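I have placed the structure first, in the form of structure tokens, so that the comments after it can refer back to it.
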Amino acid sequence: MVYLDYASTTPIRKEVLEAYEKVLHTYYANADSLHQAGRKVNMLLEQSRANIAQLFHVQPEEILYTSCASESNNYALKGFALANQNRGRHIIVSSEEHSSIRSSVEQLKEVFGFDITYLPLHEDGRVHVEDVLCALRKDTILVSVMLVNNETGCINPIKEIAEAVHAHSRAVVHSDMVQALGKMELPVSSVDMATFSAHKIYGLKGSALLYHRKNLRLLPLISAGQQEWGLRGGTSNAPTEIVLAKTIRLALEEQAQHIAHVQKINAYTREKLSAIPDIAVNSPEDAYPFILNFSCLCIGSEIMLNALDAKGICVSAQSTCNSKGKAISHVLLAMGKDELHATHAVRLSFSHLTSIEEIDYFIKSLKEIIEEYATR
Ligand code: PLP
């Protein structure tokens, strides 16, 4: 199998799995139990939180453990909006966000009467600061713009956006940084909330977090016990939370090395793709190297995905969370690409594990598929 779908999820790394197994067997007590065993688990869970906070240069109480990035995004959007609606009911989001953001704001609009402004994307695949400033209103309470787009790899100027929003309003800035962790410098300290997920960085599925600046009010979305300061009730998933710090630390330690490898893979793939007629590369040159989006203009996304799959190659068309929906990329459309490009897109996503031989096999297979469909 040739796996080129690392933006969907990654294989678990050995060190994380070993640590997890050990914790799972040894520290199974409830972190809220008052006995010795429970106190020990709680201590490890809080130690992990403190280590994560240190890696992000924030405070431990600013880290909320969640089960996935989608949940973190729900907390950032619904949790924040519902707790702060007395300050205003206007929210700004970019039009390229993950479905967890888009569905959250749609629910806030439909069910709770919030007003939503969607920011346009430009040809460079980015949100521009001027558009954010134009969209700001007196009643804007929240601006959410992702750092790296999960379909194209385009990078948004989050630091500049956050500075502009903070200088001109009282609105809070959230950024979905899921695809950026372990792959580039993170402007965590510039924003008020940020979302991360472990399974995108060779960690466990069911493990994620939301960074939220101290003193921001969030409405608990799971009302139950005292866990996570009453923000998210239910018995803590202590083993996954305990190994999250190690997962993030390893990803950050190896970041420079991974970037260097993936840059070579990306450049090689781009060059090979550009030599094939009917292929249009959609990710701009300045997108980050871990994602490369292209359209094969003679074969629709779904047919292409199935044909590649038959050759043992795993790729995506758009975000995996939309894979069962209509096969048109809302991100490419928002970038100004036409319907043909948006319905014929393929997303390759690379890793430090990706080899040149895998890319050669992918290119060879792609050419065979194009030839086969051209003669039909
Ligand atoms: N945000 C972005 C940018 C993503 O790419 C994804 C996953 O594809 C998510 C959020 C959701 O992540 P999770 O699977 O942890 O809910």
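The values are calculated or read from the model by the stated rules, or taken from the named source; none is laboratory data. Computed from a predicted model, the values in this text were never measured in an experiment. We place every Cβ from the backbone using ideal geometry, glycine too, and count neighbours over all the protein chains shown.
Summary table
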quantity: Some residue of the stretch 79-95 being of a type in the set (A, V, I, L, M, F, W, C) and without any contact (Cβ under 8 Å) to a residue 40 or more places away in the chain; calculated: no
quantity: Condition check for Ala342: assigned to a helix (DSSP H, G or I), at pLDDT 95 or above and within 22 Å of the chain's Cα centre (by Cα); calculated: yes
quantity: Evaluation of Gln318 against (1) part of a loop (DSSP other than H, G, I, E, B); (2) exposed (fewer than 14 other Cβ atoms within 10 Å of the Cβ) (one fails), failing number; calculated: (2)
quantity: Of residues in the stretch 188-202 being over 14 Å from the mean Cα position of the chain (by Cα) and not hydrophobic (A, V, I, L, M, F, W, C), the one surrounded by the most Cβ atoms within 10 Å (Cβ to Cβ); calculated: Asp192
quantity: Condition check for Thr235: modelled with pLDDT of 95 or more, hydroxyl-bearing (Ser, Thr, Tyr) and surrounded by fewer than 20 Cβ atoms within 10 Å (Cβ to Cβ); calculated: yes
quantity: Which listed residue, of Lys109, Lys40, Lys22, Lys14, is touching a residue at least 12 places away in the same chain (Cβ under 8 Å) and among the charged types (D, E, K, R); calculated: Lys40
quantity: Residue, farthest from the ligand (Cβ to nearest atom), within the stretch 204-219, restricted to residues that are in contact with a Phe, Trp or Tyr (Cβ under 9 Å, 6 or more places away or on another chain) and in a loop (DSSP other than H, G, I, E, B); calculated: Arg217
quantity: Complete set of residues in the stretch 220-240 that are in a loop (DSSP other than H, G, I, E, B) and either hydrophobic (A, V, I, L, M, F, W, C) or within 16 Å of the ligand (Cβ to nearest atom) (or both); calculated: Leu221, Ala224, Leu231, Asn237
quantity: Enumeration of residues in the stretch 345-371 that are over 19 Å from the mean Cα position of the chain (by Cα) and of a type outside the set (A, V, I, L, M); calculated: Thr354, Ser355, Glu357, Glu358, Asp360, Tyr361, Phe362, Lys364, Ser365, Lys367, Glu368, Glu371
quantity: Selection from the stretch 351-368 of residues that are assigned to a helix (DSSP H, G or I), of a type in the set (Ser, Thr, Tyr) and farther than 15 Å from Glu271 by Cα; calculated: Ser365
quantity: Matching residues in the stretch 68-96 - criterion: being within 13 Å of the ligand (Cβ to nearest atom) and touching a Ser or Thr at 6+ places or on another chain (Cβ under 7 Å); calculated: Cys68, Ala69, Ser70, Ser72, Asn73, Asn74, Tyr75, Ala76, Leu77, Val93
quantity: Checking Ser70 against (1) touching a strand residue (DSSP E or B) at 6+ places or on another chain (Cβ under 7 Å); (2) closer than 25 Å to Leu333 by Cβ; (3) among the polar types (S, T, N, Q), the condition it does not meet; calculated: (1)
quantity: Test: Gly153 is within 30 Å of Thr10 (Cα to Cα), within 16 Å of the ligand (Cβ to nearest atom) and in contact with a Phe, Trp or Tyr (Cβ under 6 Å, 6 or more places away or on another chain); calculated: yes
quantity: Residue satisfying condition, being surrounded by fewer than 18 Cβ atoms within 10 Å (Cβ to Cβ) and away from the ligand (no atom under 16 Å from the Cβ), within set Thr26, Thr117; calculated: Thr26
quantity: Scan of the stretch 157-171 for residues that are aliphatic (A, V, I, L, M), over 20 Å from the mean Cα position of the chain (by Cα) and assigned to a helix (DSSP H, G or I), ordered by number; calculated: Ala164, Val165, Ala167
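This table checks each residue for (1) out of contact with any Asp or Glu (no Cβ under 7 Å at 6 or more places or on another chain); (2) assigned to a loop (DSSP other than H, G, I, E, B); (3) among the hydroxyl-bearing types (Ser, Thr, Tyr).
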position: Lys22; (1), (2), (3): yes, no, no
position: Ser33; (1), (2), (3): yes, yes, yes
position: Met43; (1), (2), (3): yes, no, no
position: Ala53; (1), (2), (3): no, no, no
position: Glu61; (1), (2), (3): yes, no, no
